[in-house]
Amino acid sequence: MIKVAINGYGTIGKRVADAVAAQPDMEVIGVSKTSVSAEAYIAKERGFPLYIADLSKKPAFEKAGIEVAGDVETMLLAADIIVDATPGGVGEKNRPIYERLGKKAIFQGGEDHEVAGFSFNAHANYREAEGHQFARIVSCNSTGLVRLIHAMDQAFGVDRVRAVMVRRGADPDDIKRGPIDAIVLNPVSIPSHHGPDVQTVLPHINIVTLAMIVPTTFMHMHSIQMDLKRETTRDEVLKVFEDHSRIGIVRKATGIKSNAQLREYTQDLGRPRTDLWENGVFEESVSVLAGKEFYCFQAIHQEADVVPENIDCIRALMGTAKDPEESIRMTNKALGLVAIG
Ligand code: NAD
């Protein structure tokens, strides 16, 4: 069993912890929190040993009825690998600690590529993880883009990509962020950081991205255009997506036309926390014009799509599954991830 520590038990960390616990070849040896919160109660409920950075806060946890297993360094020492899911920028500060302890670690998309020196996506570059101590899972938007672009590139060759990201303003529990009533260009300048982030995994792809933030919490929506190298048809493209285990298709017959309806759908499907782990490509939007011009809309659930990637990255860094397809199959089976559509 691979011993996994989750440093930072928040939106991403709590999902990764549940996903690790579901795998047949890994176990959660601990999760960390900085202060007493609802998530600390969930860690207790799940039976995950809880570690804290500052032991002077131990009495506050105990007063709330939450047992503290020790300090974060004790947790890190007991782990084979650490998933760092602390807020963006904190991972960079944690890296020297992981270096000192000689531990493998996975950072999230809030860190710069340079913090790990290697950015990961299971379908695109699993085998390149071998020999690395650190890896970084590209952000939620970039994960969604990389899955789609890589699949299209393998099938037809991608000449160039132009994409607009309509981003959720905040996660559902995040009461401090906005906007409440605005469309914020993020940034006003072009390109947004997403294109260069995609290139950390797919360096040969010509891509320019634009982004804006809107008042929603459920998902991001991407409007994507690609010029392909080989002529194709809409049916051939749909077949590529149908065959991809982490690209789902939002069928026309469902009547779903929005992030809100898609979230209701994942909720009704009984997905844990309503998570859409796969891309949600809208069937009706999939278009091929003049043989080589491809268009689509896809929904990306910001809290969920990076979760299976973290699991595959654990196996890729540990070297316990050499074949990406083997790891992806194991991860999906343990999560119950059968792509929609
Ligand atoms: P979050 O704020 O929900 O959770 C972070 C957790 O880390 C909290 O539990 C907090 O208690 C803990 N923490 C805070 N400071 C810490 C410290 N110094 N040491 C240890 N733990 C600390 O954040 P999140 O949304 O889960 O984001 C985590 C990472 O994942 C970021 O890099 C973010 O950019 C990335 N990410 C977030 C999303 C998303 O939509 N939320 C999507 C993809 C990637």
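The values are calculated or read from the model by the stated rules, or taken from the named source; none is laboratory data. Just so you know, these numbers come straight off a predicted model, no measurement behind them. Note that each Cβ is placed from the backbone with ideal geometry, even for glycine, and that neighbours are counted across all protein chains shown. Remember, those area values only see protein heavy atoms, side chains included, never the ligands or the DNA or RNA. Shrake-Rupley method; radii C 1.70, N 1.55, O 1.52, S 1.80 Å.
Looking at K333, K257, K322, just one residue is part of a helix (DSSP H, G or I) and either away from the ligand (no atom under 16 Å from the Cβ) or surrounded by fewer than 21 Cβ atoms within 10 Å (Cβ to Cβ) (or both), and that residue is K333.
The rows are residues; the columns are (1) assigned to a strand (DSSP E or B); (2) open to solvent by less than 30 Å² (accessible area, probe 1.4 Å); (3) free of Cβ contacts under 8 Å to residues at least 60 places away in the same chain.
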| site | (1), (2), (3) |
| --- | --- |
| T143 | no, yes, no |
| V146 | no, yes, yes |
| I175 | no, no, yes |
| S192 | no, yes, yes |
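Here's the yes/no breakdown for (1) out of contact with any Pro (no Cβ under 8 Å at 6 or more places or on another chain); (2) acidic (D, E); (3) over 20 Å from M26 (Cα atoms):
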{"residue": "T274", "(1), (2), (3)": "yes, no, yes"}
{"residue": "E278", "(1), (2), (3)": "yes, yes, yes"}
{"residue": "E283", "(1), (2), (3)": "yes, yes, yes"}
{"residue": "K292", "(1), (2), (3)": "yes, no, yes"}
{"residue": "Y295", "(1), (2), (3)": "yes, no, yes"}
{"residue": "R315", "(1), (2), (3)": "yes, no, no"}
{"residue": "K322", "(1), (2), (3)": "yes, no, no"}
{"residue": "T331", "(1), (2), (3)": "no, no, no"}
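Flag not set for I213, criterion: farther than 26 Å from A260 by Cβ and either in contact (Cβ under 8 Å) with a residue 60 or more places away in the chain or buried (at least 16 other Cβ atoms within 10 Å of the Cβ) (or both). Just the residues that are more than 17 Å from the chain's Cα centre (by Cα) and not in a loop (DSSP other than H, G, I, E, B), please, taken from the range 1-20. Passing the criteria: I2, K3, V4, A5. Counting only residues that are over 20 Å from A182 (Cβ atoms), assigned to a loop (DSSP other than H, G, I, E, B) and of a type in the set (A, V, I, L, M, F, W, C), the range 198-241 holds 3 of them. Residues of the range 260-311 that are among the hydrophobic types (A, V, I, L, M, F, W, C), surrounded by 14 or more Cβ atoms within 10 Å (Cβ to Cβ) and over 17 Å from the mean Cα position of the chain (by Cα): L262, F282, V286, V288, F294, C296, F297. Applying the condition of being touching a helix residue (DSSP H, G or I) at 6+ places or on another chain (Cβ under 7 Å) and open to solvent by 10 Å² or more (accessible area, probe 1.4 Å) to the range 98-109 and asking which residue is farthest from V138 (Cα to Cα) yields L101. Any residue at all in the range 68-89 that's at pLDDT below 95, within 10 Å of the ligand (Cβ to nearest atom) and assigned to a loop (DSSP other than H, G, I, E, B)? No, that holds for no residue. Checking E128, E62 one by one, the residue that is open to solvent by 10 Å² or more (accessible area, probe 1.4 Å), more than 14 Å from the ligand (Cβ to nearest atom) and farther than 28 Å from N279 by Cβ is E62 and no other.
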